[in-house]
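The values are calculated or read from the model by the stated rules, or taken from the named source; none is laboratory data. Since the structure is predicted, the reported quantities are computational estimates derived from the model, not experimental observations. Cβ sites come from the backbone with ideal geometry, for glycine too, and all protein chains shown count toward neighbours. Side chains included, ligands, DNA and RNA excluded: accessible areas come from the protein's heavy atoms. Shrake-Rupley method; radii C 1.70, N 1.55, O 1.52, S 1.80 Å.
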Amino acid sequence: MKTLRHSILVLALLCCACSMFSNADTSSYPQTEEDRRKEHIGKLSGDEGLHLGGVSEKDKQAANNPLGVNSFLWRATLDTLAFMPLASADPWGGTVITDWYEDPATPGERFKVNAIILDRQLRADSLKISVFQQKRTGSQWQDSSVNPQTARKLEDTVLTRARQLRVAQLGY
């Protein structure tokens, strides 16, 4: 019982002793937002992670873009697929999924498109488009093969439109 009292007393003294060494002077504490940001940079547990050599140009551009993907590719994808009904569009994840579209010129044949934007940069490998096709046999829709060039042509159309949007914004 006596050792328990001594242990509690020693623990209480240690806690009090720790408070004696606390830095009550707040002049070293960052006062401005810039100081807080500088203090935060480089911490492995921080939001910004470890940066070497400052903030990159890519990070500066990404900060101006509220979307999770390249805004030119996003807008160009929506423009290119505007003739098809949309089933889902996620600007943060970069996915556009259309519903089945049957062209009035070719009845009995319908298409569906899935577009995924993979990066925040405007590059050819930042876009992946998949095209699905079905043909009607009687009253049933049957999956059929799609010409691989169809997806490629759609990707080229989206990329061309994205470049046009970028050039228009830059004012060239």
Whole-percent carbon and sulfur share, accessible surface of segment 69-112, 1.4 Å:
57
The simple spin-label model distance between T150 and D90, using points 7 Å out along Cα→Cβ, in nm, is 2.4
Which distance in nm do the two modelled labels at Y172 and W141 give, with both placed 7 Å along the Cα-to-Cβ direction?
4.1
Counting only DSSP loop positions in segment 99-134, the trypsin sites (Lys or Arg not before Pro) whose Cβ has at most 15 other Cβ atoms within 10 Å are R123
Length gained when the stretch A124-Y101 is fully extended (0.36 nm per residue, less Cα-Cα span):
5.7 nm
Probe 1.4 Å, protein heavy atoms only - accessible area per residue of segment 116-172 in square angstrom
70
